[in-house]
Amino acid sequence: MNDFQNDLNITSPQNDSTQLLAIALEIAAEDFQDQQMQMLRNFSHELRTPLTIVYGYMQSIYRRSENLTDLQKDALESAILEMSYAIKLLQECLDLARLEVRETSLKIASIPLQSLILETIATFNKLHQREISFNSYESCVSVLADGEYLKEVLFRLFDNAVKYSKDTISISLDNFGDYVAINVCDRGCGIDIQDRERIFKPFYRADRSRSRLSGGSGLGLALSKVLVERMGGNLNVTSQRGKGSTFKVMLKSST
Ligand SMILES: Nc1ncnc2c1ncn2[C@@H]1O[C@H](COP(=O)(O)OP(=O)(O)O)[C@@H](O)[C@H]1O
Ligand SMILES: [Mg+2]
């Protein structure tokens, strides 16, 4: 309906049927997505169990590898690595599908941000030797979120910042009153404009040549976005090619 029709509140039978068709298509698309997610959920669940068993057997053979030749040991090491990659991928598919079909429920509460961010940085630093600075002028700010899942989201954003940049990563907070933004900022390679929406889709990786090197599956941002949206917030990015990226987690303020 154009502005003129809107002003006069004119509807025609043709407009009604177009709207009905649009609604029907939207429902069909949602049904289709639900079915896809159910399939992904069942598929990853069924496959994860046997692969985990095989992975366990392979590790136990490796632990008793005195009788193996160097070639056999190398082959077994590669197989174990590939298997752990496949299991991690299946686990992420399962997590995403369970969130999408609303099988996973979140515990939303008022979460003080400063301590949560400091805890996440401390956990992250046990695994990665990279400086993460956090200057918070908003020491008492709290948001509505699931604390454990929010840590997971930040961890994934830190992990990406480490993978795609070399310098210090900076975390900051912006308080907009109703909303609070957690900014995860790096000075790395940046993201091309055409990729900035797509990187939040499952399996999309802007630089495909890196996929085996960095070991990522392209599911981290898709999972993070769904999680933040389930907390009533949103996740987006601003970036400049060659200069870096800032991922912004926006959450409802609870103070
Ligand atoms: N901080 C970043 N700087 C540059 N590119 C990034 C950054 N974070 C994510 N990306 C791009 O977004 C893609 C998707 O990220 P993600 O879903 O976390 O998957 P993965 O880390 O497994 O590749 C990455 O492959 C990369 O191309
Ligand atoms: Mg990632």
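Each value in this text was obtained by applying a stated rule to the coordinates, not by laboratory testing. Quick caveat, the model's predicted, so the values are computed rather than measured. Here the Cβ is made from the backbone with ideal geometry for all residues, glycine too, and neighbour counts use every protein chain on show.
What order, most packed first, do the peptides 26-35, 72-81 have when packing is the mean number of other Cβ atoms within 10 Å of each residue?
Sorting 26-35, 72-81 by mean packing, highest first, produces 72-81, 26-35.
Rounded to the nearest 500 deg cm²/dmol, what is the calculated helix-only ellipticity per residue at 222 nm for the chain, with -39500 (n - 2.57) per DSSP H run of length n ≥ 4?
Working: 7 runs with 135 residues, N = 255.
Rounded to the nearest 500, it is -18000 deg cm²/dmol.
Please report the relative contact order for the range 109-252, taking Cα pairs under 8 Å with a sequence separation of at least 6, and give it as a percent rounded to a whole number.
In percent, rounded to a whole number, it is 25.
Tell me, what is the percent relative contact order of the range 13-100, built from C-alpha pairs under 8 Å that lie six or more residues apart?
Relative contact order of the range 13-100: 47 percent.
Measuring from the lowest to the highest alpha carbon on each principal axis, how far does the range 138-210 reach, largest first, in angstroms?
Principal-axis extents of the Cα atoms in the range 138-210, largest first: 42, 27, 23 Å.
Highest mean first, what order results for 82-94, 102-114 on Cβ atoms within 10 Å? The partial results should precede the final answer.
Working: 82-94: 17.2, 102-114: 14.8.
Sorting 82-94, 102-114 by mean packing, highest first, produces 82-94, 102-114.
When only alpha-carbon atoms count, how far does the chain stretch along each of its three principal axes, as whole angstroms with the largest first?
Extents along the principal axes: 86, 47, 37 Å.
Run the numbers on the chain and let me know its relative contact order in percent, using alpha-carbon pairs under 8 Å that are six or more apart.
Worked out over the chain, it gives 17 percent.
Taking R0 as 35 Å, what's the FRET efficiency between T168 and S84 from their Cβ-Cβ distance, rounded to 0.05?
Taking R0 as 35 Å, the efficiency between T168 and S84 is 0.70.
In whole Hz, with x marking every Gly and Pro, tabulate ³J(HN,Hα) for the range 46-53 from phi via Karplus 6.51 cos²θ - 1.76 cosθ + 1.60, θ = phi - 60°.
5, 7, 5, 4, x, 5, 5, 5
Using 1/(1 + (r/R0)^6) with R0 = 30 angstrom and r between the beta carbons of N236 and N42, what's the FRET efficiency to the nearest 0.05?
On the way: r = 32 Å, r/R0 = 1.05.
Approximately 0.45, to the nearest 0.05.
Per 0.36 nm of contour for each residue apart, how much would the distance between E66 and T18 grow if the chain were fully extended, relative to their Cα-Cα spacing?
On the way: separation 48, 0.36 × 48 = 17.28 nm, distance 7.20 nm.
Here the segment from E66 to T18 would lengthen by 10.1 nm.
Could I have the simple spin-label model distance between E148 and Y57, label points 7 Å from Cα toward Cβ, reported in nm to one decimal?
3.2 nm
Efficiency by 1/(1 + (r/R0)^6): what FRET value for K126 and E26, r their Cβ-Cβ distance, R0 = 41 Å, to the nearest 0.05?
Result of the calculation: an efficiency of 0.35.
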